[in-house]
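The values are calculated or read from the model by the stated rules, or taken from the named source; none is laboratory data. The model shown is predicted, which means the values in this text are computed figures rather than measured ones. Cβ sites come from the backbone with ideal geometry, for glycine too, and all protein chains shown count toward neighbours.
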Number of protein chains: 2
Amino acid sequence: MNNFDLHKPLPYYLQFYEKIKQMIVNGEYEPGQRINETQLAKAFGVSRSPIREAMRLLEKDGLLVADQKTGFIIYSLSPEDVEEIYQIRTALESLAIELCITRASDEELLFIEQLLDRTAEEIKQGAEDSRLIELNEHFHQLILEYSHNKHLKKQLDSVNVLIYFCRVLNFKGKGRAAEILDEHQQVFTFMKKRSLKAVEHMQQHLHHDLVYLQKRLNTKRD
Amino acid sequence: MNNFDLHKPLPYYLQFYEKIKQMIVNGEYEPGQRINETQLAKAFGVSRSPIREAMRLLEKDGLLVADQKTGFIIYSLSPEDVEEIYQIRTALESLAIELCITRASDEELLFIEQLLDRTAEEIKQGAEDSRLIELNEHFHQLILEYSHNKHLKKQLDSVNVLIYFCRVLNFKGKGRAAEILDEHQQVFTFMKKRSLKAVEHMQQHLHHDLVYLQKRLNTKRD
DNA sequence: ATAGATTTGTACGTATGTATA
DNA sequence: TTATACATACGTACAAATCTA
């Protein structure tokens, strides 16, 4: 007996849930576009059953929105939505960092510091946009993880799905990757001292994100 | 042509989603108990398809939890979960009330005041537990609605589902219905003045809820 | 407005994997 | 452990609703 094949493959409905989610956040569908389960099932070479179940989950995420009659359309992010979502994100990330400050072990804080160092290094070496998105994302994820509140993680993840569209904008072209790293480092300075000032700095950081996003959303519209 | 029958009935999968959700939060299943789609389908006299889709939604809500192998069990609320969830709830309700203070119209505030008056009246007349739960819930819902952030409403609703179990405990037996009304009235005093002190009072109110719940959860365990 | 073509909602059948004796 | 029963994942079929010509 060998050690391979240790876990069974995920069921189709979960695989397609992830797959379609990626397609949506990566902009492979036009926002507002209608989505067709029959067509998707054919495209993936499976029956409609697992596709339907995946679509139910995507609707819960808010990535699919019920059409007037029946069926779904792709979520379309309005400027008001961005603002609303950032208000929520700020509230939850504030909680996360507050909990993290009191609960994270010294070792966990060290992991965060190492991540920031690595990010600085990779920026210097001209890493790709997608890689920077990943590293930036990871900073927030670590804080979340070290807040040791599983439910908070779940909630924030579900908010973050909707702003992933935005996350991409934040890095496209010149982006503000260097600025973001700088802000993350500032936040961490206070985390290291376990000072609540980290919360304020995180809030400012997220506010900068929001302002930047709104600017880009407006220019895109022209 | 008449005005009746204006909306078509919901599809089964949505009807059963609501139905099963109610059954779970009302304690008709034992937490941790395994749930069987074949059995449910038979009990409701439908095929497994709509039941399956309903169950996916319930899993997203967190009311059903994936079993090790396959299938679902009913979510079981641990004391740690209660604390985690209340932390999130407090963060989101704080945001809600902060937004409400700046955005709600005078008329909207009046609606809240009327709700509190009505609640006081019904308590005096010895209303039922279920009715008091409803009125209490409605206070929080109005604040949420008048915060004018649709996404926040969605998020908080999804948190609240998990603590609805608790909500019931809050009123069973003697409960603290009168105390809750009192705290709501205090919160509202500051809302009326559009003072941020309302936020603090809401936080205290939720903390009292939490402490009370934990006490009841512990005594129940004996 | 009607007829035909899509598309969704639901029933049902089958295969595979899991529990149970 | 093996064999049986059972539950779930997925496919297929059909009916009802919706769209389109």
Q | Members of region B:15-60 that are in contact with a helix residue (DSSP H, G or I) (Cβ under 9 Å, 6 or more places away or on another chain), away from DNA strand D (no atom under 15 Å from the Cβ) and of a type in the set (Gly, Ala, Ser) | A | B:Gly27
(Q) So, in region B:48-88, how many residues would count as being at pLDDT below 95 and among the polar types (S, T, N, Q)? (A) 4
Q) Only one of B:Thr38, B:Thr102 is within 16 Å of DNA strand C (Cβ to nearest atom) and either modelled with pLDDT of 95 or more or over 25 Å from the mean Cα position of the chain (by Cα) (or both); which? A) B:Thr38
Q: Pull up region B:6-31, narrow it to residues that are among the hydroxyl-bearing types (Ser, Thr, Tyr) and within 14 Å of chain A (Cβ to nearest Cβ), then point me to the one that is farthest from DNA strand C (Cβ to nearest atom).
A: B:Tyr17
(Q) Could you go through region B:104-122 and let me know if any residue there is closer than 30 Å to B:Met23 by Cβ and buried (at least 19 other Cβ atoms within 10 Å of the Cβ). (A) yes
(Q) Of the residues A:Lys153, A:Lys69, only one is surrounded by fewer than 20 Cβ atoms within 10 Å (Cβ to Cβ), out of contact with any Cys (no Cβ under 6 Å at 6 or more places or on another chain), assigned to a loop (DSSP other than H, G, I, E, B) and within 14 Å of chain B (Cβ to nearest Cβ); which? (A) A:Lys69
Q. Taking into account only those residues within region B:54-66 that are without any contact (Cβ under 8 Å) to a residue 12 or more places away in the chain and not in a helix (DSSP H, G or I), which is farthest from DNA strand C (Cβ to nearest atom)?
A. B:Val65
Q.
Can you find a residue that is in a helix (DSSP H, G or I) and over 20 Å from the mean Cα position of the chain (by Cα) anywhere in region A:9-31?
A. yes
Q: Those residues that are touching a Phe, Trp or Tyr at 6+ places or on another chain (Cβ under 7 Å) and either in a helix (DSSP H, G or I) or within 14 Å of another protein chain (Cβ to nearest Cβ) (or both), I need them from region A:32-53; list them, please.
A: A:Phe44, A:Pro50, A:Ile51, A:Glu53
Q) Only one of (1) more than 19 Å from the chain's Cα centre (by Cα); (2) polar (S, T, N, Q); (3) more than 9 Å from every other protein chain (Cβ to nearest Cβ) is not met by A:Ser76, so which one is it? A) (1)
Q: Please tell me if A:Arg56 is among the basic types (Lys, Arg) and more than 14 Å from chain B (Cβ to nearest Cβ).
A: no
Q.
Quick check on region A:72-83. Is at least one of its residues surrounded by fewer than 18 Cβ atoms within 10 Å (Cβ to Cβ) and within 16 Å of DNA strand D (Cβ to nearest atom)?
A. yes
Q. Is there a residue being crowded, with 17+ Cβ neighbours inside 10 Å and away from every other protein chain (no Cβ under 13 Å) anywhere in region A:87-98?
A. no
Q: Collect the residues in region A:33-65 that are in contact with a strand residue (DSSP E or B) (Cβ under 6 Å, 6 or more places away or on another chain) and surrounded by fewer than 14 Cβ atoms within 10 Å (Cβ to Cβ), keeping them in residue-number order.
A: A:Gln33, A:Arg34
